[in-house]
């Protein structure tokens, strides 16, 4: 086979592949832009506050859905072992907590009707 024939075959397959890649990349960028412009859907739930596996992380297993939320709370934080009702929006970014759905909490309130277990004392 001649070199020109091989080059022609490469060009014939490379150009369509590059075009498909470019279209997919543009579609991905457009979809990402649409998601950032839309407002996140608020989440409302209740459950018992527990310590996350990482330092200063708070998690709540929502009592009805069973979804585990990683609570990002600015200001006063609920105590571990407290029952709370919370509202927030999904956090669009990375966290160090590495568990649950990250949720930026806009409001929370103590809910004494929830019977939560107190955290275990550290072993001596």
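The values are calculated or read from the model by the stated rules, or taken from the named source; none is laboratory data. Source: prediction; values computed, not measured. Note that each Cβ is placed from the backbone with ideal geometry, even for glycine, and that neighbours are counted across all protein chains shown.
Yes or no, residue by residue, for (1) in a strand (DSSP E or B); (2) closer than 30 Å to residue 112 by Cα; (3) at pLDDT 80 or above:
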site	(1), (2), (3)
13	no, no, no
23	no, no, no
30	no, no, no
50	yes, yes, yes
60	yes, yes, yes
63	no, yes, yes
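Do we have residue 55 as under 16 Å from residue 118 (Cβ atoms) and loosely packed, with under 15 Cβ neighbours inside 10 Å here? Answer is no for this residue. Taking the criterion of being touching a strand residue (DSSP E or B) at 6+ places or on another chain (Cβ under 6 Å) and either outside the structural domain of residue 73 (by TED's automatic domain parsing) or within 15 Å of residue 57 (Cβ to Cβ) (or both), the residues of the range 89-98 that qualify are 91, 95, 97.
If you go through the range 71-124 and keep only what is in contact (Cβ under 8 Å) with a residue 24 or more places away in the chain, surrounded by 14 or more Cβ atoms within 10 Å (Cβ to Cβ) and part of a loop (DSSP other than H, G, I, E, B), you end up with 78, 80, 81, 82, 95, 97, 99, 100, 111, 114, 116.
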